[in-house]
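Trainee: Here it is: the structure, laid out below.
The values are calculated or read from the model by the stated rules, or taken from the named source; none is laboratory data. Computed from a predicted structure; not experimentally measured. FYI the Cβ positions are ideal-geometry reconstructions off the backbone, even for glycines, and counts take in every protein chain you see.
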């Protein structure tokens with residue numbers, strides 16, 4: 001059988017999608033953004049787009065470590081007992097009007113003793129600890145509805161932070177313990193990996209758009225100009241020691257200059273909060289995580305790592321990607337390839353077993 005290949009044929013972002021904090025506040029704008037994206041993709045595929053993978057960020061997704069009460073077993077743990085766990089998770093999801101995106105087992109306990117894989121073992125009681133990723137049905141549902149309305153079949157929903165971790169952490173790092181931070185426009189997603197599994201994850205309440213708007217208001221310039229200014233002068237914004245450097249921008253057709261330190265003074269509280277929150281998370285895992293990876297908006301990463309690395313013993317690694325804002329897309333392709341190969345292998349195994357039994 002020929003191995004099926006996957007590749008990223010194009011990567012697009014939309015300035016205005018009609019989505020704010022996970023909700024579609026402008027349905028017409030969101031549908032227009034989807035139509036534009038599909039047209040761009042069709043140019044690369046010479047045909048209709050039928051399927052999509054939906055990446056979900058921290059503004060929509062929530063995380064929870066779900067611990068069960070003791071389940072009476074008094075026998076061998078089999079696949080039916082594991083299915084009973086799936087039922088318990090589904091019941092919790094349904095009762096909270098949520099949609100389950102991912103469920104990852106952290107550990108199982110047989111009679112109070114932790115085990116990696118309980119199937120085939122005898123126990124009186126079984127307890128499970130799962131890390132689940134889920135989303136509010138209304139938040140995610142309106143996005144899914146519009147995508148399906150345009151004829152797109154959603155074949156998977158993935159947390160963007162897991163995708164970024166897949167790209168940036170090798171198997172040894174995920175096994176020994178590592179943190180990954182995805183610096184987004186509206187928040188910072190993070191995940192902690194150990195024993196090659198995501199053990200815990202969460203969202204830091206930081207919105208870099210607040211900084212953009214603050215720059216725009218204080219300098220009386222457009223949002224687009226503020227974004228460009230923030231991008232081009234990230235070094236000064238994050239270090240606050242470039243008092244003799246000038247920032248240039250165009251206002252009302254005229255070129256103007258300001259000291260970069262003026263920008264720093266206006267947005268310094270937000271920057272200090274971002275650095276502090278990431279440092280707190282790293283310190284809380286200092287005995288478990290040997291490395292922390294920063295990915296996301298590229299212009300900020302190098303100086304962010306310097307600021308975060310002060311008084312932190314954990315190794316800080318930066319995204320090596322040429323386009324770090326698309327790291328989660330690349331990771332999603334890797335995850336999808338892995339899942340496809342795994343499913344393909346299972347199909348071949350079942351076919352082989354049938355042939356042996358019936359021929």
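Trainee: Would you please name the residue that is surrounded by the most Cβ atoms within 10 Å (Cβ to Cβ), looking only at residues in region 212-236 that are modelled with pLDDT of 75 or more and not in a helix (DSSP H, G or I)?
Mentor: Once the filter is applied, the top-ranked residue is 221.
Trainee: Spot the failing condition for residue 316; the list is (1) at pLDDT 70 or above; (2) loosely packed, with under 13 Cβ neighbours inside 10 Å, and only one is missed.
Mentor: The failed condition is (2).
Trainee: Can you tell me which residue in region 107-123 is farthest from residue 69 (Cα to Cα), limited to those that are touching a strand residue (DSSP E or B) at 6+ places or on another chain (Cβ under 6 Å), in contact (Cβ under 8 Å) with a residue 12 or more places away in the chain and exposed (fewer than 15 other Cβ atoms within 10 Å of the Cβ)?
Mentor: Among those residues, the one meeting the criterion is 122.
Trainee: Another question, if that's okay. Residues in region 268-300 that are in contact with a helix residue (DSSP H, G or I) (Cβ under 7 Å, 6 or more places away or on another chain), assigned to a helix (DSSP H, G or I) and more than 18 Å from residue 203 (Cα to Cα): how many?
Mentor: 3
Trainee: What number goes with the only condition from (1) within 23 Å of the chain's Cα centre (by Cα); (2) more than 30 Å from residue 51 (Cα to Cα); (3) in contact (Cβ under 8 Å) with a residue 12 or more places away in the chain that residue 133 does not pass?
Mentor: (2)
Trainee: Please verify whether residue 187 is surrounded by fewer than 22 Cβ atoms within 10 Å (Cβ to Cβ) and under 16 Å from residue 283 (Cα atoms), treating the condition exactly as stated.
Mentor: no
Trainee: Ok, one more. Answer yes if at least one residue in region 64-78 is closer than 22 Å to residue 182 by Cβ and either more than 18 Å from the chain's Cα centre (by Cα) or in a strand (DSSP E or B) (or both), and no otherwise.
Mentor: For region 64-78, residues closer than 22 Å to residue 182 by Cβ and either more than 18 Å from the chain's Cα centre (by Cα) or in a strand (DSSP E or B) (or both): present.
Trainee: For region 124-138, what are the residues that are touching a strand residue (DSSP E or B) at 6+ places or on another chain (Cβ under 6 Å) and in a helix (DSSP H, G or I)?
Mentor: 137
Trainee: For region 161-179, state whether one or more residues are surrounded by fewer than 20 Cβ atoms within 10 Å (Cβ to Cβ), over 30 Å from residue 49 (Cβ atoms), touching a strand residue (DSSP E or B) at 6+ places or on another chain (Cβ under 7 Å) and at pLDDT below 85.
Mentor: No, every residue in region 161-179 fails to be surrounded by fewer than 20 Cβ atoms within 10 Å (Cβ to Cβ), over 30 Å from residue 49 (Cβ atoms), touching a strand residue (DSSP E or B) at 6+ places or on another chain (Cβ under 7 Å) and at pLDDT below 85.
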